[in-house]
1. Considering segment 7-60 alone, what residues qualify as being charged (D, E, K, R), within 12 Å of ligand 2 (Cβ to nearest atom) and within 21 Å of ALA72 (Cα to Cα)?
2. Tell me, which residue of segment 14-43 that is at pLDDT below 95 and within 12 Å of ligand 1 (Cβ to nearest atom) is farthest from GLY217 (Cα to Cα)?
3. Pick from GLY64, GLY52: which is crowded, with 20+ Cβ neighbours inside 10 Å and either over 17 Å from LEU213 (Cα atoms) or polar (S, T, N, Q) (or both)?
4. Looking only at residues in segment 63-84 that are part of a loop (DSSP other than H, G, I, E, B) and under 16 Å from the mean Cα position of the chain (by Cα), which one is farthest from VAL51 (Cα to Cα)?
5. Given the conditions (1) within 27 Å of GLY30 (Cα to Cα); (2) buried (at least 18 other Cβ atoms within 10 Å of the Cβ); (3) away from ligand 2 (no atom under 16 Å from the Cβ), and given that ARG74 satisfies all but one, which numbered condition is not satisfied?
6. Name the pairs whose Cβ atoms lie under 7 Å apart, with the first residue in segment 147-165 and over 30 Å from GLU109 (Cα atoms), the second within 16 Å of ligand 1 (Cβ to nearest atom) and small (Gly, Ala, Ser), and 6 or more positions between them or separate chains?
7. Can you find a residue in segment 91-112 that is in a strand (DSSP E or B) and surrounded by 20 or more Cβ atoms within 10 Å (Cβ to Cβ)?
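The values are calculated or read from the model by the stated rules, or taken from the named source; none is laboratory data. All values reported here derive from a predicted model rather than from experimental measurement. Here the Cβ positions follow ideal geometry from the backbone for every residue, glycine too, while neighbour counts run over all protein chains shown.
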Amino acid sequence: MAAITMQNIVKKYGDGFPAVNDVSLDVQDGEFMILVGPSGCGKSTLLRMIVGLEDITSGDMRIGDRVVNKVAPRERNLAMVFQNYALYPHLTVYENIAFPLRLAKAENEEVRRRVTETAELLELTEHLERKPANLSGGQRQRVAMGRAIVRDADAFLFDEPLSNLDAKLRGQMRTEIARLQRRLGTTTVYVTHDQTEAMTLGDRVAVLRKGELQQVGSPRELYEQP
Ligand code: ADP
Ligand code: ADP
């Protein structure tokens, strides 16, 4: 686990208006932070700068006490779950979840232990030998999450992971994500434009507007009317 510290972060694409404009935000160790705001406000850009998929124009990004501005994504030890999670269709659930460990050249013994634990946590144990095509939407989503959490990542980053699901499944997955995060206590940054997700999942919510940080507070502080 690690805190994520953003200090005066600016991102300009070309010479236009900054997509992210002087954002300073601390995500505490073990905290579940939501980034919320209308389409185009800079949520994804900010998340991608945390992960290292996007260069920072100016400012400092820290993970733990390390400045990561120039650190390659794979050396940041973060786990990212995308909106359009892509599972490998020719691999079983087991091998899909194991994939990041294989890349990291983990020993078979460790792979087996971690995949088994992760599958239990996500209630996928009975489906380990199946291929993605034979799973329900919710199961596929859980496999994608399994692949993200199977390594001991310092933080989880979610980019609208539920936005392509139907309402019922979205509700189930919301509960699932909340349960997992409580259980694992891993620092999490979660991008959404859905107020229900923001209100129910986050310890704190950061509201972005036109690239700027507008408000940061607990869901109660932000959404409850006095
Ligand atoms: P979302 O609003 O869900 O983030 P978008 O359709 O805005 O999705 O963006 C999809 C992809 O296109 C992203 O990878 C984003 O970085 C990129 N993108 C968005 N706007 C532009 C743009 N003006 N020029 C080039 N790429 C863009
Ligand atoms: P959000 O995730 O809140 O929808 P984004 O971070 O995707 O917002 O986009 C913020 C702004 O940056 C938007 O104006 C978008 O068009 C622009 N943008 C995003 N990605 C790119 C890109 N690759 N090239 C140029 N402009 C981009």
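1. LYS11, LYS12, LYS43, ARG48, GLU54, ASP55
2. The extreme case among them is GLY14.
3. GLY52
4. ASN84
5. If we test ARG74 against (1) within 27 Å of GLY30 (Cα to Cα); (2) buried (at least 18 other Cβ atoms within 10 Å of the Cβ); (3) away from ligand 2 (no atom under 16 Å from the Cβ), just (2) comes out false.
6. ASP159/SER44
7. no
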